Amino acid sequence: MPVREELTSCVQAANNGVYNQVGSCLQYSQGTTPQIGRISGRAVQQSGPGQIVNRNFSITGSVSSYNSAIRAGAAAWTSSPTAIRYTEGFSASSDDIYVGSYDGGWLGRTIEHPCGGTDFWVGNCTLSWSHVDYNAPNVDQHAQWAQQVSTHELGHALGLGHPFDLSVSSTMQSDLLDPGASLNLTAYDIESVNFNYPNWYFGI
Amino acid sequence: MKRNLKISVAAATVLVLAVSGSVRVASRQRYATAPKSSAKHISAMSKRITKPETPSTIVPKLVLHSQASYAGYASLEGLYRESVLVVAVTITSYDKAYRGGEPPRSLAKDPGGPIFTPVRAVVNEVYKGDIRPRDTVVFDQTGGDLGDTREILDGDPLAVIGSSYLVFLGSFPEFPKADYILGGPSGRYLLTNGSLASIEQPTRKGSIRDLLNGRSLSDVAAEMRQLSLTPPQPTTIAVQ
Ligand SMILES: [Zn+2]
């Protein structure tokens with residue numbers, strides 16, 4: 001079965017309660033097509049072939065020294081072959097990035113509204129906006145992280161989860177932000193977001 | 001102030017990193033060399049006398065999941081050296097949760113930053129830090145119940161009351177009331193029958209969670225004792 005149909009049927013099964021987790025779809029997919037078994041998205045905002053998905057992001061907070069890196073992180077999604085076009089601005093549906101100090105060991109943290117960012121497939125939920133927290137004291141440990149964390153967290157804002165396949169190269173790996181890694185999206189990232197917003201991968 | 005502190009205390013480390021070609025500047029390394037009579041010790045003491053509050057019994061109307069990214073650790077040494085405290089604990093209670101972070105741009109849109117829950121635990125064993133067995137330690141975890149909202153950090157749920165963990169804790173001067181867990185799920189291991197279990201499974205091959213998952217506590221403790229006797233080596237990048 002072609003990858004797209006295979007995953008689509010798995011997702012439908014997940015929505016019907018046959019599979020509880022997207023992870024099941026990944027395992028399901030990996031059985032026959034390991035190279036594609038990486039769909040970690042949940043909250044699908046369907047875009048038709050050739051359509052562009054315009055999204056806003058905003059930057060706020062007590063620390064402003066990361067703003068240019070955060071903008072570059074957003075641009076990584078826009079400049080890659082995806083349907084996503086990020087522009088800066090605050091609105092009811094913008095992905096809002098707050099930069100400050102938090103008493104946590106994380107670099108960045110994203111909560112997706114109204115879908116909740118759950119690892120569980122959420123059916124017809126359409127992402128509206130996301131709140132991103134950017135833990136400056138931790139991000140400060142390495143210059144590269146400023147942009148990598150931005151790309152990673154906005155990936156969540158686009159509905160991507162952490163890859164089920166822990167060996168894959170992806171900006172969406174949760175705890176393995178290698179400071180020496182490329183700042184560009186990987187093939188995995190691009191295919192993942194194009195699964196959520198099927199403009200290039202499934203469309204044209 | 002934080003940056004100044006980091007620069008002044010970690011300057012030697014930065015120099016070593018630069019010379020060795022390593023580029024990861026671990027700001028929290030300052031704790032590894034902090035004197036035991038520092039303000040950290042005082043704040044740790046004050047944490048121990050705060051009266052615990054009754055856990056929330058409110059049933060949340062809204063459950064929100066969030067996801068986080070973390071620094072990677074490639075070795076026990078890296079995690080151990082960045083920690084202020086390394087302790088085996090048993091969770092006793094949660095203090096009242098609070099909402100942290102930056103004020104929202106629009107309250108109509110956004111309630112604000114993450115909910116944090118101060119988790120209270122009694123210390124069973126000490127592997128690093130100025131604390132004793134039977135003392136109480138408090139660390140913040142992201143997530144918890146506040147009002148009618150429950151936030152869950154996927155992959156790093158709240159420690160379970162009554163369960164025992166090996167935790168690697170850090171401390172920010174901005175938050176003197178509670179420590180935090182280094183690296184989220186990388187810095188906390190469930191202890192069952194003397195063995196460590198990673199909080200989030202499966203683990204990535206070569207990650208610290210993979211390296212520690214399933215090992216015996218006595219084995220890991222012996223390695224940490226050895227580390228405590230060995231001067232820190234220049235930090236290397238956690239390439240995994
Ligand atoms: Zn993440």
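List of remarks:
- For the peptides B:81-91, A:69-79, the ranking by mean Cβ contacts within 10 Å, running from highest to lowest, is B:81-91, A:69-79.
- Ranked packing of B:212-218, B:121-127, B:138-144, A:135-141, most packed first, by mean Cβ within 10 Å: B:138-144, A:135-141, B:121-127, B:212-218
- Bridges between two residues of the stretch B:128-222, per DSSP, are antiparallel at a rate of about 85%.
- FRET efficiency for B:Ser93 and B:Arg215, using Cβ-Cβ distance with R0 set to 45 Å, rounded to 0.05: 0.95
- Distances between placed amide hydrogens fall under 5 Å for B:Glu102 paired with B:Gly113, all partners being 5 or more residues away or on another chain.
- Placed amide H near A:Thr186: partners under 5 Å, 5+ positions off or other chain: A:Thr171
- Shape class for the stretch B:147-195, computed from the alpha carbon gyration tensor (a ≥ b ≥ c): oblate, with a/c not under 1.5 and a/b at or below b/c.
- With 22 Å as the limit, the listed pairs B:Lys61/B:Lys109; B:Lys96/B:Lys177; B:Lys128/B:Lys205; B:Lys61/B:Lys177 have B:Lys128/B:Lys205; B:Lys61/B:Lys177 beyond it between alpha carbons.
- Buried on assembly, the stretch A:53-101 (at least 40 Å² less accessible surface than by itself, 1.4 Å probe): A:Phe90, A:Tyr98, A:Ser101
- Other protein chain Cβ atoms within 10 Å, averaged over every residue that makes up B:200-210: 3
- Per residue of A:146-152, other chain Cβ atoms within 10 Å of the residue Cβ number 1 on average.
- B versus A: buried accessible surface, summed, Å² (probe 1.4 Å, to nearest 100): 4500
- For the peptides A:142-153, B:166-177, residues were scored by their other Cβ atoms within 10 Å and the scores averaged per peptide; the highest-first order is A:142-153, B:166-177.
The values are calculated or read from the model by the stated rules, or taken from the named source; none is laboratory data. All of these numbers come straight from a predicted model, not from anything done at the bench. Using ideal geometry, Cβ is built from the backbone for each residue, glycine included, and neighbour counts are taken over all protein chains shown. We work out accessible area using only protein heavy atoms, side chains counted, and drop any ligands, DNA or RNA first. Shrake-Rupley method; radii C 1.70, N 1.55, O 1.52, S 1.80 Å.
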